[in-house]
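The values are calculated or read from the model by the stated rules, or taken from the named source; none is laboratory data. For clarity, every value in this text was computed on a predicted model and none was experimentally measured. Every residue, glycine among them, receives a Cβ derived from its backbone with ideal geometry; neighbour counts consider all protein chains shown. Note: areas computed on protein heavy atoms with side chains; ligands, DNA, RNA excluded. Shrake-Rupley method; radii C 1.70, N 1.55, O 1.52, S 1.80 Å.
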Amino acid sequence: MWTLRVDNLEKTYDDGATWANNGISLSVQSGEVFGLLGPNGAGKSTLVKQIIGLLMPSNGSITLGDVDLVTDPDYARQLCSYLPQAPMPITAFKVREAIDIAGMIRGGSRPEVQKRRDQLIEILQLEEWRDTLGTNLSGGVKRLVGFAMAVVEPAPIVILDEPTNDVDPLRRRLLWQVVRDLGERGSGVILVTHNVLEAEKSVDRLAIIDEGKLIAEGTPSSLKNDDRGSLRLQLMLPPGSRTPPLPSYIGENVRVGNNVVGVIPETYAAEGIAWAQGLMTEGIADEYALGATTLEDVYVRLTGERSATT
Amino acid sequence: MTLSGTTLPAKRFGVSHWFAMFAQLFKWNVLTLRLALPVLIMVQLFTGVGMVLGFSLLFGDINEVAVLYLATGATVVALVTVGIVVGPQFIAQERLQGTYEWSQSLPAPRTAAAAAWTALNVTIAVPGALGALAAARFRFDASLVITPLVIPAVLLVLLSGTLIGYAYAHTVSDPQTVGLISQILIFVIFGFSPIAFPATNLPGWFAAVHRWLPFQSMGDVVRAGLTNGIVTTTTRAFVVLSVWTMLAALVSTWAIGRRP
Ligand SMILES: Nc1ncnc2c1ncn2[C@@H]1O[C@H](COP(=O)(O)OP(=O)(O)OP(=O)(O)O)[C@@H](O)[C@H]1O
Ligand SMILES: [Mg+2]
C-alpha cells in the first residue's frame, strides 16, 4: 500500500499573475480511483502535470510513499503513467505498435505487453483498427489508443486527463470498466473528467476544484449527504422565459440555461409535482422531472453558485 | 512493473536500463517519422549530390583545390543540416501539435532521449554525405583520401550539429521562433560560411567572426580527414568544435530537465 500526498500545492503562471493552484491538499491511495472534477480553467491539468514532473510547483509538496516526486522527477515519471489532455503523437503508428512501444518504454516485458495489448484491444473493441495507422483513425479511437498506451503497463499512479473526450457512450462504458480494473490491480488512478454522472459510478472518491482551490472532497455518497432525504425537481422552461416564483419548500436552487434545478424534501414530493404540473398547464414550464439527487446536482450547486453570483 | 507487492517498484537506472530506453526511443523516433523518412533521406541525398554538381555548373571549369573544397564542403553541409535545421523543426512541430508534453512525460533518462534523437539525425544525414563524396569522386575524379582523422571529424560534426539544434529547439519554447532560427541558420550555412571555400575569400571582419563560430571548423576537420595537404593544422578547429559541443550539451541538459 502506498499513498500519494499532495500538500498545500501552489502553482502560479506568468510570474504570479495567474493562480492556477491555490493551496490544494489531497491524497490518493493505491487501489483507489480518484476523480478530479471542476470547471474549465479550474487548475486540474496544472495539478496533474506537477505530479508527473512536467511543471514545477511554486509551493507545497507532492510525495508518493516516502518518495518526494518534486525533487526526483525521473522517478516520478517512472511511478506515474500519464494520458495528457493534449493529443498523442501516434499519426505514424499502427494501433498495436503504439500500444506495444508505450508498454515497453514503461518497462514491460514484450510478451506481457503484447498480451495485455490484445486484452485492451478486445475490451475497448478496437479490433477493427488493430493495424490502422494513427493518421487514419477517428478522434475517439485515437483517444482510446492513447488511453490504452497509458494503461498497458500501469504504474503505481495512473493519471488520466479527460480520457473519455470524443469517445462514444458505449466505449466510454468499456473504458470505465478498464479504469475500475486498474484500481483492482493496485494502481491509484487519478481521473480528470467533466463527465460527472459517469464519474459518480466509477470513482471511489473525488475532489471538486474551482479557481485553483479544492472546494469539496469525499466519496460520491458523502458529497451527496447534505442532500439526503431530498429530491431534485427540475423544471425546463421555454427559452428566454423568466424563472417563476418558487414555493418556499424548494431549498437551494440554480438556473442553468433554461433549466431550474431545486432541492425539495421528500415529504413535499406530491406538492412539488402538483405545482410543476400547474406550471405546465399554464405554459410557464415545458417539462419537469423529479428524481434522486445526483452528484451532478452537488457539482452544479458547488461550482454554479459562483457563476450565479458573479 | 508489477504492482503485486506492497512496496513501490524500485527506481530503474543504470547502464542496461539506459540502453533499453535508448533502443525503444530510437525505434519510437524512427516509427514517428516513418512516413517522412524515405523522403527526408532522398532530399538529403539530393542536397549533397546537388550541391557538388550544381556549384560546379555555376563556376564552370574548377581547379583541383576548388573541387576538393566543394566535395568536402558539400559533405559537411549534408552532415550538419539535419541536426541543426531539420531536427529543430520537428521538435517545434511537436510543440505546435501539443504532443511535446507526452514525450517529456516518458519514463526514460533524458540523456537516452537525446542520444536516440542524435542517432536518428545521423541516420538521415549520412546517406547525403556519402552521396556528395561519391558525386565528387565520379564527376570530378576528386583526389579524396581517407585518413583515420575522418572518423573523429565526422562524429564531432554530427554531434555538434545535432546538439546545437537540440539545444535551441528545447530552449526556445515558441515554435515560430525555432522555425525562424532554423531558417537563419540554413542561410548562414549555405551562403555565408567558409565551409565549401577558404575563409580567406571572406572580408576580414567576417572571417574573424567565423573563427569562433562552429561552421568553418566543421569544414576544416572534415577536409583534414578527406584530403591531403589542404589543411595544415586542425587543433584549433577541434577545440572550437569540442567547446561548441560541450556548450550545446550543457544547454540541452538544462533545457530538457527544466520544469516551467
Ligand atoms: N502554460 C500556461 N501559461 C499561463 N497560464 C496557464 C498555462 N496553462 C494553464 N494556464 C492557466 O491556468 C489555469 C488553469 O488551467 P488548467 O489547464 O490547469 O485548467 P483545467 O482545470 O485543466 O481546465 P480544462 O477543464 O479546461 O482542461 C487557467 O486559468 C489557464 O488559463
Ligand atoms: Mg485540463
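Which one of these does residue A:78 not meet: (1) more than 9 Å from chain B (Cβ to nearest Cβ); (2) touching a Pro at 6+ places or on another chain (Cβ under 9 Å)?
For residue A:78, the exception is condition (1).
Return a yes/no flag: does region A:92-108 have any residue that is within 12 Å of another protein chain (Cβ to nearest Cβ), open to solvent by 20 Å² or more (accessible area, probe 1.4 Å), under 25 Å from residue A:216 (Cα atoms) and away from ligand 2 (no atom under 16 Å from the Cβ).
no
Looking at B:92, B:112 in this structure, which one is buried (at least 19 other Cβ atoms within 10 Å of the Cβ) and closer than 11 Å to residue B:25 by Cβ?
Values: B:92 fails: closer than 11 Å to residue B:25 by Cβ.
Testing whether each residue is buried (at least 19 other Cβ atoms within 10 Å of the Cβ) and closer than 11 Å to residue B:25 by Cβ leaves just B:112.
Of all residues in region A:22-38, which are away from ligand 1 (no atom under 16 Å from the Cβ) and not charged (D, E, K, R)?
A:25, A:27, A:28, A:29, A:30, A:31, A:33
Restricting attention to region B:5-34, and to residues there that are within 7 Å of another protein chain (Cβ to nearest Cβ) and out of contact with any helix residue (DSSP H, G or I) (no Cβ under 8 Å at 6 or more places or on another chain), which single residue is farthest from residue B:110 (Cα to Cα)?
So, considering only residues that are within 7 Å of another protein chain (Cβ to nearest Cβ) and out of contact with any helix residue (DSSP H, G or I) (no Cβ under 8 Å at 6 or more places or on another chain), the one farthest from residue B:110 (Cα to Cα) is B:6.
As an exercise: evaluate residue A:237 against (1) open to solvent by less than 10 Å² (accessible area, probe 1.4 Å); (2) in contact with a strand residue (DSSP E or B) (Cβ under 9 Å, 6 or more places away or on another chain); (3) within 14 Å of chain B (Cβ to nearest Cβ) and give the number of the one condition it does not meet.
(3)
Inside region B:6-26, can you point out the residues that are basic (Lys, Arg) and crowded, with 16+ Cβ neighbours inside 10 Å?
Residues of region B:6-26 basic (Lys, Arg): B:11-12.
Answer for region B:6-26, where residues must be basic (Lys, Arg) and crowded, with 16+ Cβ neighbours inside 10 Å: just B:12.
What residue, among those in region A:190-204 that are part of a helix (DSSP H, G or I) and either within 14 Å of chain B (Cβ to nearest Cβ) or open to solvent by 10 Å² or more (accessible area, probe 1.4 Å) (or both), is nearest to residue A:297 (Cα to Cα)? Before the answer, list the steps.
Initial filter on region A:190-204 (part of a helix (DSSP H, G or I)): A:196-202.
Next, only the ones that are either within 14 Å of chain B (Cβ to nearest Cβ) or open to solvent by 10 Å² or more (accessible area, probe 1.4 Å) (or both) stay: A:197-198, A:200-201.
Working: A:197: 10, A:198: 13, A:200: 11, A:201: 15 Å.
Applying the filter and picking the extreme gives A:197.
Would you please name the residue that is farthest from residue B:82 (Cα to Cα), looking only at residues in region B:190-248 that are basic (Lys, Arg) and part of a helix (DSSP H, G or I)?
From region B:190-248, those basic (Lys, Arg) are B:211, B:223, B:236; that's our starting set.
Filter again for part of a helix (DSSP H, G or I), leaving B:223, B:236.
Working: B:223: 20, B:236: 25 Å.
Only one residue tops the list, namely B:236.
Looking only at region A:39-65, count how many residues are within 8 Å of ligand 1 (Cβ to nearest atom), among the polar types (S, T, N, Q) and within 14 Å of chain B (Cβ to nearest Cβ).
Adding up the residues that qualify gives 2.
Identify the residue in region A:240-281 that is aromatic (Phe, Trp, Tyr) and part of a helix (DSSP H, G or I) and, among all such residues, is nearest to residue A:302 (Cα to Cα).
Here the residue is A:268.
So, in region A:190-220, of the ones that are among the β-branched types (Val, Ile, Thr) and farther than 20 Å from residue A:85 by Cα, which residue ends up nearest to ligand 1 (Cβ to nearest atom)?
Filtering region A:190-220 for residues among the β-branched types (Val, Ile, Thr) gives A:190, A:192-193, A:196, A:203, A:208-209, A:215, A:219.
Checking which are farther than 20 Å from residue A:85 by Cα leaves us with A:215, A:219.
Values: A:215: 13, A:219: 22 Å.
The residue in question is A:215.
Does any residue of region B:97-109 turn out to be more than 10 Å from every other protein chain (Cβ to nearest Cβ) and in a helix (DSSP H, G or I)?
Within region B:97-109, the subset more than 10 Å from every other protein chain (Cβ to nearest Cβ) is none.
Checked against the condition, which is being more than 10 Å from every other protein chain (Cβ to nearest Cβ) and in a helix (DSSP H, G or I), region B:97-109 yields no hits at all.
Of everything in region A:151-189, what is touching a Leu at 6+ places or on another chain (Cβ under 7 Å), within 15 Å of residue A:85 (Cβ to Cβ) and either away from chain B (no Cβ under 14 Å) or in a loop (DSSP other than H, G, I, E, B) (or both)? Give them in sequence order.
Answer for region A:151-189, where residues must be touching a Leu at 6+ places or on another chain (Cβ under 7 Å), within 15 Å of residue A:85 (Cβ to Cβ) and either away from chain B (no Cβ under 14 Å) or in a loop (DSSP other than H, G, I, E, B) (or both): A:163, A:164, A:167.
Check residue A:18 against each of (1) modelled with pLDDT of 95 or more; (2) within 16 Å of ligand 2 (Cβ to nearest atom); (3) more than 9 Å from every other protein chain (Cβ to nearest Cβ) and name the one condition it does not meet.
Status for residue A:18: all satisfied but (1).
Within region A:61-71, is even one residue in contact (Cβ under 8 Å) with a residue 40 or more places away in the chain and within 16 Å of ligand 2 (Cβ to nearest atom)?
no
Pairs under 7 Å by beta carbon, first residue on the phi > 0 side of the Ramachandran plot in region A:125-145, partner surrounded by 15 or more Cβ atoms within 10 Å (Cβ to Cβ), six or more apart or different chains?
So the pair list comes out as A:125/A:171; A:125/A:174.
Give the residues of region A:113-129 that are farther than 25 Å from residue B:101 by Cβ and either facing chain B (nearest Cβ under 9 Å) or part of a loop (DSSP other than H, G, I, E, B) (or both), sorted by residue number. Give the steps one after another, and end with the answer.
Of region A:113-129, the ones farther than 25 Å from residue B:101 by Cβ are A:114-115, A:118-119, A:121-123, A:125, A:127-128.
The one that is farther than 25 Å from residue B:101 by Cβ and either facing chain B (nearest Cβ under 9 Å) or part of a loop (DSSP other than H, G, I, E, B) (or both): A:125.
Kindly evaluate residue A:30 against the criterion of being within 16 Å of ligand 2 (Cβ to nearest atom) and crowded, with 18+ Cβ neighbours inside 10 Å.
Values: within 16 Å of ligand 2 (Cβ to nearest atom): no; crowded, with 18+ Cβ neighbours inside 10 Å: yes.
No; evaluated as a whole, the condition is false for this residue.
Which condition breaks for residue A:19 when tested against (1) in contact (Cβ under 8 Å) with a residue 12 or more places away in the chain; (2) open to solvent by less than 50 Å² (accessible area, probe 1.4 Å)?
(2) is the only condition that residue A:19 fails.
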